[in-house]
1. So which of A:ASN151, A:ASN170, A:ASN182 ends up being in contact with a Gly (Cβ under 8 Å, 6 or more places away or on another chain) and over 19 Å from A:ALA245 (Cβ atoms)?
2. Any idea which of B:ARG298, B:ARG280 is more than 20 Å from B:SER210 (Cα to Cα), within 12 Å of another protein chain (Cβ to nearest Cβ) and surrounded by fewer than 21 Cβ atoms within 10 Å (Cβ to Cβ)?
3. State all residues of the range B:167-193 that are more than 10 Å from chain A (Cβ to nearest Cβ) and hydrophobic (A, V, I, L, M, F, W, C); if no residue qualifies, say none.
4. Among (1) over 28 Å from B:LYS113 (Cα atoms); (2) in contact with a helix residue (DSSP H, G or I) (Cβ under 6 Å, 6 or more places away or on another chain), where does B:VAL168 come up short?
5. Given the conditions (1) at pLDDT below 95; (2) surrounded by fewer than 18 Cβ atoms within 10 Å (Cβ to Cβ), which single one is not true for A:ARG61?
6. Going through the range B:108-140 one residue at a time, which ones are in a loop (DSSP other than H, G, I, E, B) and touching a Leu at 6+ places or on another chain (Cβ under 7 Å)?
7. If you check every pair at least six apart or on different chains, which have Cβ atoms under 8 Å apart with a residue in the range B:201-214 that is under 11 Å from B:ASN170 (Cβ atoms) and more than 9 Å from chain A (Cβ to nearest Cβ) first and a residue that is charged (D, E, K, R) and in a strand (DSSP E or B) second?
8. Which count do you get for residues in the range B:236-269 that are hydrophobic (A, V, I, L, M, F, W, C) and free of Cβ contacts under 8 Å to residues at least 60 places away in the same chain?
There are 2 protein chains.
Amino acid sequence: MSVLIVGSTALDSIKTPKAENPRLLGGSASHAAVAASFFAPVKLVGVVGNDFPARYVKLYRKHGIDLAGLQIEEGKTFHWSGEYEVNMNRRRTLATELGVFEKFTPSLPDTHKSTPYLLLANIAPALQHHVLDQMWKPKFVIADTMDLWLNIALEDLLRLLKRVDAFVLNDSEAHQLTQCDNTIEAARRIHKMGPRNVIIKKGEHGSLLSNREGLFLCPAYPLRKVVDPTGAGDSFVGGLMGHLASTRGPAEKNLRRAMIHGSVVASFCCEGFGLTRTTRVARRDIQRRVKELEALARF
Amino acid sequence: MSVLIVGSTALDSIKTPKAENPRLLGGSASHAAVAASFFAPVKLVGVVGNDFPARYVKLYRKHGIDLAGLQIEEGKTFHWSGEYEVNMNRRRTLATELGVFEKFTPSLPDTHKSTPYLLLANIAPALQHHVLDQMWKPKFVIADTMDLWLNIALEDLLRLLKRVDAFVLNDSEAHQLTQCDNTIEAARRIHKMGPRNVIIKKGEHGSLLSNREGLFLCPAYPLRKVVDPTGAGDSFVGGLMGHLASTRGPAEKNLRRAMIHGSVVASFCCEGFGLTRTTRVARRDIQRRVKELEALARF
């Protein structure tokens, strides 16, 4: 079944201790959509300016991504630039130019409103609500977020938590949201805020799922070299949602393997700048790493 | 088969944000010996002063630990006091009084020299060498360490790495030793220094084994509350070694399940101050958590 993904579509200029890459295709929706496209048909909802390079439209299309929901507006595409520290775990935003993204109001084409799987990738919670309002009974809704929204849009976010099937955030965000330093206890507290599936991302340490089936400790695929982790979290949740949409039966039962697949796509994301590595991945590369993860976790 | 464990035997005064506990039984050898005792007969080699409380000798005995190698010297027992920060991942040493430990020279009773499994728990590398020198062809040798020895006894430590079957250290120590921030790459570099099994501890994020069988990502048992993590690493390596000594066949094949058992004992250690929780654990409690870890890691 198909996946509708709403989020940011951006141009990212990324500095790491080793290199610098200007105006890469980025944004939460871009990473998530490419990641999901390995497993299911994807419809992207977002906005770009008329400076958006045609080669990136081509790239989306190469991945079979439906662009009927991609608005092209007069003005500049959202531009983010950031810098990673030596250990690649911390990043610093150098500049954020919102451009056409500032006035983005996602409006869904009718063909999109009955999409069964909805991924509200990282974007302002008000916009996530706005998309959810337009949907006709989606089968499964996942929302991702970032620390910014905890700081400036907490009420919207808390309302959103009551409307989604799964909520994804990283460990430091979980600690901030719950005022609790213990990740397991934080997951329990987030359940009380609404979502019956809580997924906490821990970067190189993998991720954690908490739901009625119990806890699941999802490993990260071990990488000897990380080139650029930008978008890894978006790739994880996109791959997760794409894989979930490709399975049958109750989502709760399928979430573990979906997370494994998301984790593998995220590992490829980290091996290149922006989407450069992810877009060269074949389905068999993913299957090979899934098999490797099975072997790495066996005892 | 039996396990010989050499390391520190100490009295620990531990402050956490929530409580304070003076003169608990501590030290790397104490934690490791109690942890190993759940799976195999243990011989402890260490030194205490004549102030060492009789109740702690009783506690060792309750766990069936052979104390023929425990020297009791005129003077004070090694006393460590430390304080944990709010998130329990960082600790600060408040005071270290070496006492009789300062002049400790481990001398093995003849009955101990042919013990098949040797655990060189955290202690000065020179003392680890000294014990190894007295042994008659041990079947499997594991060495643990701490950052202090990387700073003040690196040459001894590097020589030791060529003499052991497995080397255990935590992730920040692995990064320091290899000058490499990537844990997977650090493991590869440590292999080149000698040991064919490298085990990197990552606290709440579990641990990593690298050997000829490939990589193994060992999960940590998820705890909703950590009371005191002091000795968790020693408990992990002790439980690991004890379990390994209880198995047959090539150690390489058995290390994964041994690590799982070490991880479970370490989880109990974190649930009480010092050894207070660990010493109340029954073998069936361990088995239950091992089963839970199997379910938590399944996908």
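The values are calculated or read from the model by the stated rules, or taken from the named source; none is laboratory data. Values in this document were obtained by computation on a predicted structure and should not be read as measured data. Here the Cβ is made from the backbone with ideal geometry for all residues, glycine too, and neighbour counts use every protein chain on show.
1. Details: A:ASN151 fails: in contact with a Gly (Cβ under 8 Å, 6 or more places away or on another chain); A:ASN182 fails: in contact with a Gly (Cβ under 8 Å, 6 or more places away or on another chain).
Just one listed residue meets the conditions, A:ASN170.
2. On the way: B:ARG280 fails: within 12 Å of another protein chain (Cβ to nearest Cβ).
Every option except B:ARG298 fails the conditions.
3. Matches in the range B:167-193: B:PHE167, B:VAL168, B:LEU169, B:ALA174, B:LEU177, B:ILE190, B:MET193.
4. For B:VAL168, the exception is condition (1).
5. With respect to (1) at pLDDT below 95; (2) surrounded by fewer than 18 Cβ atoms within 10 Å (Cβ to Cβ), A:ARG61 is out only on (1).
6. Taking the range B:108-140 first, the residues in a loop (DSSP other than H, G, I, E, B) are B:108-109, B:113-116, B:121-124, B:135-139.
Correct list: B:THR115, B:MET135, B:PRO138.
7. Matching pairs, first to second residue: B:SER207/B:LYS201.
8. Within the range B:236-269, the first condition is being hydrophobic (A, V, I, L, M, F, W, C), and the residues that meet it are B:236-237, B:240-241, B:244-245, B:251, B:255, B:258-260, B:264-266, B:268-269.
Keeping just the survivors that are free of Cβ contacts under 8 Å to residues at least 60 places away in the same chain gives B:258, B:260, B:264, B:268.
Of the residues in that region, 4 qualify.
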